[in-house]
1. Go through segment 118-135 and count every residue that is closer than 17 Å to ILE16 by Cα, assigned to a strand (DSSP E or B) and touching a helix residue (DSSP H, G or I) at 6+ places or on another chain (Cβ under 6 Å).
2. Could you look through segment 224-245, keep only residues that are among the hydrophobic types (A, V, I, L, M, F, W, C), at pLDDT 95 or above and over 19 Å from LYS344 (Cβ atoms), and pick out the one that is farthest from the chain's Cα centre (by Cα)?
3. Taking VAL157 as meeting all but one of (1) buried (at least 22 other Cβ atoms within 10 Å of the Cβ); (2) closer than 21 Å to CYS72 by Cα, write down the number of the exception.
4. Please go through segment 95-108 and pick out each residue that is part of a loop (DSSP other than H, G, I, E, B) and not aromatic (Phe, Trp, Tyr).
5. Does THR52 satisfy the criteria of being polar (S, T, N, Q), buried (at least 18 other Cβ atoms within 10 Å of the Cβ) and outside any helix (DSSP H, G or I)?
6. Taking LYS359 as the residue in question, decide whether it is more than 16 Å from ARG226 (Cβ to Cβ) and touching a residue at least 60 places away in the same chain (Cβ under 8 Å).
7. Which condition number does MET92 fail, the rest of (1) within 22 Å of the chain's Cα centre (by Cα); (2) assigned to a loop (DSSP other than H, G, I, E, B); (3) at pLDDT 95 or above being met?
8. Go through segment 105-130 and give me each residue that's farther than 15 Å from LYS141 by Cβ and hydrophobic (A, V, I, L, M, F, W, C).
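The values are calculated or read from the model by the stated rules, or taken from the named source; none is laboratory data. Remember, it's a predicted structure, so these values are computed and weren't measured experimentally. Ideal geometry is used to build each Cβ from the backbone, glycine not excepted, and the neighbour counts take in all protein chains shown.
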Amino acid sequence: MHIIIVGPAYPYRGGIAALNERLAYEYQKQGHKVEIYTFTLQYPGFLFPGKTQYSESPAPEGLKIYRRINSCNPYNWIKVGNEIRKKKADLMITRFWLPFMAPCLGTIERVVKRNKFTKVVSLVDNIIPHEKRIGDKIFAKYFVKSTQGFIAMSKTVLDELGLFDTSKPKVFSPHPLYDHYGERIDKIQAQNTLKLSTDAKYVLFFGFIRDYKGLDLLLGAFADKRLRDLNVKLIVAGEFYGNEEAYMQQIKNLDIEDRVELHTYFIPDDKVNNYFCAADIVAQPYKSATQSGVTQIAFHFEKSMLVTNVGGLPEIVPHGKIGYVVEPNSKDIAKALVDFYENKREQEFETNVKEEKQKYAWSNMIKAFDDLAKSIS
């Protein structure tokens with residue numbers, strides 16, 4: 001088949017771009033022709049809270065990535081739509097993660113469908129965003145109306161899609177493994193690389209730091225004296241997308257400055273394995289969630305996990321088997337971490353992770369797209 005993926009890709013950075021590129025590689029591996037259409041302008045400045053949208057890593061090899069889309073220019077949407085329409089691809093996969101993108105992506109889809117040939121489907125991260133803005137529902141409706149079928153990576157999003165449409169095909173296919181961040185390495189080697197003490201135990205918080213991800217809850221858990229007595233430290237690895245000063249003040253107020261390792265900048269792909277391999281357990285203390293790519297990196301590196309009982313996170317972290325599902329509060333997070341270390345659960349959980357990760361093969365997502373496309377007349 002000829003497949004076109006529309007969404008973030010190099011030179012843009014982040015988990016959405018990484019998944020789109022990895023999806024393209026998987027299709028190519030199976031013998032399909034793949035092109036990615038990405039942005040010349042992705043976000044206007046007021047929507048982007050980080051330092052830069054762009055990757056400093058080399059371009060991915062062997063992928064056809066075209067920078068064509070301006071998210072703010074309606075004339076551009078029609079132009080890009082016509083360019084893709086004329087190619088008559090078998091399948092166009094649009095990545096949807098933010099209602100702001102709906103006018104742009106929805107218009108491109110409408111134009112492409114005029115060729116009466118290309119099937120237009122979407123891989124949906126969120127249909128209702130974590131951080132809500134005026135117009136979200138109107139924009140989401142516009143996008144949903146233009147799309148012929150949907151894949152959601154959590155059952156929460158699948159249910160939310162039902163609020164906007166009840167007739168089009170919708171398929172649940174969990175987020176596949178992020179398996180492109182290198183191999184698992186020795187824990188002591190990783191700790192030495194990061195200049196960490198090899199005498200301590202480490203919990204990892206990884207990824208962009210936004211309010212809904214609950215870093216404040218995890219910091220609160222580290223005020224528990226039992227974790228201090230167990231010599232447990234926290235690695236915070238990721239760029240602040242919010243009020244950095246509030247977190248710094250919390251760390252000071254809790255008197256845990258000696259137990260928090262701050263690596264608060266964007267972590268390049270070739271350094272990710274150091275952080276996951278240096279840690280004993282990966283914590284995602286989210287206050288709200290759909291699915292998370294961090295979980296799938298943890299699966300790849302066969303790490304124990306702690307997640308909160310929100311959104312789709314409990315769907316993929318069986319409580320007591322590969323980690324913990326706790327309520328989103330500091331007390332329950334601390335209790336689980338104490339249990340993990342006092343009862344030496346790491347080896348047991350990691351053995352189970354090796355088995356559980358088989359569910360998240362990329363071939364499963366490809367099959368989900370194939371089945372979805374066949375269901376569209």
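1. Here the count works out to 2.
2. So, considering only residues that are among the hydrophobic types (A, V, I, L, M, F, W, C), at pLDDT 95 or above and over 19 Å from LYS344 (Cβ atoms), the one farthest from the chain's Cα centre (by Cα) is LEU234.
3. (2)
4. Across segment 95-108, the qualifying residue is only LEU98.
5. no
6. Yes.
7. For MET92, the exception is condition (2).
8. Within segment 105-130, ILE108, VAL111, VAL112, PHE117, VAL120, VAL121, LEU123 qualify.
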